[in-house]
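The values are calculated or read from the model by the stated rules, or taken from the named source; none is laboratory data. On a predicted model such as this, the values are computed, not experimentally measured, just so you know. A quick note on method: Cβ atoms are made from the backbone with ideal geometry, for glycine too, and the neighbour counts reach across all protein chains shown. Side chains included, ligands, DNA and RNA excluded: accessible areas come from the protein's heavy atoms. Shrake-Rupley method; radii C 1.70, N 1.55, O 1.52, S 1.80 Å.
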Amino acid sequence: MRCKNSNFLIGLGIGSVVGALVYHFSHTPRAARLRSEMCHAMHKAGSEAREAFHAAEEEALHAGVKAADKMADEAHEAAEKADNLKDKVHTFADAKK
């Protein structure tokens, strides 16, 4: 039991020393500059991601409009062909009378 207590106390002491060192070095001007740079990089990445999302959204909208226009043109051509065929059938039927 005595050995376990001493291991615990050694671990507690080492952890306290490491924690104190981390705390000390996290409050230096270099750490503050690093924190500021990291914050700036995160904001920049977020802004770029937002811009990329909006660009992709606009491209998808443009592609949808382009596809709808193409389908409308195809439908118009099919309607014209059907109208021409109807006229030919009526002309043929009138000629047979």
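Numbers at a glance
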item: A67 paired with L9, simple spin-label distance in nm, labels 7 Å along Cα-to-beta-carbon; result: 7.4 nm
item: Accessible-area composition of the chain, carbon plus sulfur, in percent [1.4 Å probe]; result: 65 percent
item: The chain - charge dipole about Cα centre, Lys and Arg +1 at Cβ, Asp and Glu -1, debye rounded to 20; result: 1040 debye
item: Å² per residue, accessible surface of the chain at 1.4 Å; result: 93 Å²
item: Positive-end residue of H27, M38, A68, charge dipole of the chain with Cβ unit charges; result: H27
item: Proximal lysine pairs, the chain, alpha carbons under 20 Å, eight or more residues apart or interchain; result: 5
item: For the chain, projected area of the alpha-carbon convex hull averaged over all directions, nm²; result: 15.3 nm²
item: Charge dipole (the chain, unit charges on Cβ, about Cα centre) - positive-most of A95, I10, A78; result: I10
item: Over the chain: helical MRE at 222 nm, DSSP H runs n ≥ 4 each giving -39500 (n - 2.57), nearest 500; result: -36000 deg cm²/dmol
item: Point-to-point label distance, A79-F25, nm (Cα→Cβ direction, 7 Å offset); result: 7.4 nm
